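These notes are about the structure you will find just below.
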């Protein structure tokens, strides 16, 4: 893109594509809107995002990727699509519902409330 957000480094293709959606989503999901939901397999990274960088209380949802995929959803492991992910420590996986709707409740196996008033270990 002319604004420098998408570079000609081989991570993007010409025209609309899954590749571009994944690349743009992991760069800035507010700017490059997709129907995907960013996830991480690491609780502490999920906690960081759920609390806006430990600024406010929030919720971490543990999602079964197996149940999600069995319900017809798709997963995109960012590191398999992008050579240099924006946040490699997240090991981000983008989940997309088959009808571009909500993640099925059956795939949400645990919800943890994070109260920032309670210090972490």
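The values are calculated or read from the model by the stated rules, or taken from the named source; none is laboratory data. It should be emphasised that the depicted structure is a prediction, and the values quoted were computed from it without experimental measurement. Every residue, glycine among them, receives a Cβ derived from its backbone with ideal geometry; neighbour counts consider all protein chains shown.
Identify all residues within the stretch 83-117 that are in a loop (DSSP other than H, G, I, E, B) and closer than 13 Å to residue 46 by Cβ; write none if there are none.
Start the filter on the stretch 83-117 by keeping residues that are in a loop (DSSP other than H, G, I, E, B), which leaves 83-87, 91-92, 97-104, 115-117.
87, 91, 92, listed by residue number.
Restricting attention to the stretch 69-82, which residues are under 18 Å from residue 42 (Cα atoms) and in contact with a helix residue (DSSP H, G or I) (Cβ under 8 Å, 6 or more places away or on another chain)?
75, 76, 78, 79
I'd like the residue in the stretch 61-77 that is over 16 Å from residue 91 (Cα atoms), outside any loop (DSSP other than H, G, I, E, B) and touching a strand residue (DSSP E or B) at 6+ places or on another chain (Cβ under 7 Å) and, out of all such residues, is modelled with the lowest pLDDT.
Here the residue is 74.
Among the listed residues 4, 10, 15, 52, which satisfies the condition of being exposed (fewer than 15 other Cβ atoms within 10 Å of the Cβ), modelled with pLDDT of 90 or more, in a loop (DSSP other than H, G, I, E, B) and over 12 Å from the mean Cα position of the chain (by Cα)? Outline the logic, then answer.
Working: 4 fails: modelled with pLDDT of 90 or more; 10 fails: modelled with pLDDT of 90 or more; 15 fails: modelled with pLDDT of 90 or more.
Answer to the selection: 52.
Tell me the residue from 117, 102 that is more than 18 Å from residue 18 (Cβ to Cβ), exposed (fewer than 15 other Cβ atoms within 10 Å of the Cβ), more than 17 Å from the chain's Cα centre (by Cα) and at pLDDT below 95, please.
Being more than 18 Å from residue 18 (Cβ to Cβ), exposed (fewer than 15 other Cβ atoms within 10 Å of the Cβ), more than 17 Å from the chain's Cα centre (by Cα) and at pLDDT below 95 holds for just one of 117, 102, which is 117.
Which one of the conditions (1) assigned to a helix (DSSP H, G or I); (2) loosely packed, with under 11 Cβ neighbours inside 10 Å does residue 47 fail to meet, given that it meets all the rest?
Here residue 47 clears every test but (2).
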